[in-house]
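The block underneath contains the structure these notes are about, expressed in structure tokens.
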Amino acid sequence: MLAIAAAACSHSHSSRTAPDRNGRTVVTLLPDPDSGAVGAASVSNAAGSVELTRARASTTINGNAAPTPVKTLSESETRQLFNAAFSMLPMAPQHFTLHFQFNSDELTSESRALLPQVLNAAKGRPIPEVLIIGHTDRVGSATTNIALGLRRAGMIRKQLIDIGLDSSLVEVVSHGEADLLVKTADEVPEPLNRRVEITVR
Amino acid sequence: MAHHLRLIIGVLALTLLATAPAFAQQPASAGRIKVVSGTVYLVRAGAQTTAQAGQVVYQADVLRTGSDGRIGVTLKDDTRVSLGPASEVHLDRFSYSPAEGQLALALKVVRGVVAYVSGRIAKLAPDSVHIETPTAILGVRGTTLAVRVDGV
């Protein structure tokens with residue numbers, strides 16, 4: 001287990017004097033930096049395939065050989081190998097979901113109260129961007145719902161600019177009925193799907 | 001009235017998009033450089049320029065760092081990618097239009113050390129995310145990966 005990590009660590013030094021034509025790839029699955037959730041990944045080539053499913057599960061591919069059996073790296077090995085990149089991850093995007101009053105273009109009072117928070121989130125970032133995405137339920141055609149989502153997103157854009165958001169930071173799009181919060185059959189009214197999502201990056 | 005006007009403008013914009021694929025092919029931005037440190041380059045259509053925080057990145061762009069360089073990028077679907085020193089990553093494909101069913105992310109890690117935190121594309125269509133290195137192909141089912149490619 002340690003041999004692989006050690007080989008990977010020492011490799012960057014040895015490669016300068018004796019370049020390995022085939023190269024070496026190390027892939028490690030990590031917990032999400034914000035939520036701590038661990039996903040999964042597959043690593044494959046013509047010679048074989050492995051699945052990474054645990055925190056710090058790691059495999060190495062030497063040249064064209066198959067990925068080595070999965071090993072779990074220690075936290076310090078992980079840091080040593082990857083911190084140079086990891087430390088430069090941008091801030092996690094922040095998400096806000098706004099809902100409308102029943103059969104209305106008016107935001108619920110809870111959602112209206114989120115607008116100043118969106119403004120503050122944008123102000124707290126070095127290179128802020130605000131993406132406003134309109135969503136609809138599945139009542140009506142996919143095409144009209146794209147237009148409807150765009151209109152709702154545009155209304156929220158105006159409200160944010162009215163309270164002081166720099167309009168040059170804002171982008172408005174519609175996902176129509178293609179990205180449902182609650183999965184439904186076509187033509188099913190679903191208030192939770194009529195929403196505007198805001199991402200502050 | 002204002003509502004109707006906006007609706008008409010929205011529909012017009014969509015009609016333009018739908019009927020003019022030549023315009024749609026004009027590259028949409030894929031994301032933005034959020035943090036840089038040391039020597040970092042953006043290579044676009046073969047031309048290498050110094051990369052700066054705030055700059056927009058597009059599909060087909062290449063991020064390259066010098067021996068003291070590091071860079072962090074956030075893509076439009078919330079994917080985050082960062083590179084340590086002496087690294088190179090190609091943003092081969094990026095498409096994030098769920099309404100049109102177009103979801104794709106392809107990254108090539110040519111060398112160096114790279115961190116990747118998945119975004120909405122991996123959530124909506126995990127099979128649409130491809131990360132490759134010179135000797136391996138990675139399939140991503142969400143969250144976070146680190147990749148290191150040495151000796152190339």
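Apply the a/c threshold of 1.5 to the C-alpha gyration tensor of the range B:28-74 and tell me whether it is rounded, prolate or oblate. Since a/c reaches 1.5 but b/c is at least a/b, the shape of the range B:28-74 is classed as oblate. Mind listing the long-range amide H neighbours of residue B:102? Cut-off is under 5 Å, sequence gap 5 or more, other chains count too, H placed in the peptide plane at 1.01 Å from N. So residue B:102 has HN proximity to B:97. In this structure, the residue pairs whose Cα-Cα separation is over 25 Å, taken from A:123/A:183; A:158/B:123; A:123/B:123; A:123/A:158; A:183/B:108, are A:123/A:183; A:158/B:123; A:123/B:123; A:183/B:108.
The alpha-carbon of residue A:71 sits under 20 angstrom from the alpha-carbons of these aspartates and glutamates, leaving out residues fewer than 8 places away in its chain: A:32, A:51, B:150. Inter-chain Cβ neighbour count for A:135-147, averaged per residue, equals 2 (cutoff 10 Å, partner chain atoms only). To the nearest Å, what is the center-to-center distance of the range A:108-166 and the range B:87-139, using C-alpha atoms only? Answer, in whole Å: 27. DSSP beta bridges fully contained in the range B:28-149 are about 90 percent antiparallel. Here the Karplus curve 6.51 cos²θ - 1.76 cosθ + 1.60, taken at θ = phi - 60°, turns the phi angles of the range A:122-128 into couplings of 5, 5, x, 10, x, 10, x Hz, with x standing for Gly and Pro.
Based on alpha-carbon atoms, the Kirkwood radius and the radius of gyration of the range B:20-152 give Rg/Rh equal to 0.96. So if the hydrodynamic radius of the protein assembly as shown is defined as the Kirkwood radius over C-alpha pairs, what does Stokes-Einstein give as its diffusion coefficient at 25 °C and 0.890 mPa s, in µm² per second? Answer from the Stokes-Einstein relation: 114 µm²/s. Per-residue shielding of A:75-86, expressed as the average number of other chain Cβ atoms within 10 Å of the residue Cβ, stands at 5. Going by neighbour counts of Cβ atoms within 10 Å, the residues B:144, A:184 line up, fewest first, as A:184, B:144. When you restrict to C-alpha pairs under 8 Å that are six or more residues apart and normalise by the size of chain A, the relative contact order lands at 19 percent. How big is the gap, in Å, between the Cα center of the range B:51-67 and the Cα center of the range A:51-95? The two parts, judged by their Cα centres, are 23 Å apart.
Across peptide B:73-84, the mean count of Cβ atoms from other chains lying within 10 Å of each residue's own Cβ comes to 5.
Coordinate-derived values only; no laboratory data. On a predicted model such as this, the values are computed, not experimentally measured, just so you know. Every residue, glycine among them, receives a Cβ derived from its backbone with ideal geometry; neighbour counts consider all protein chains shown.
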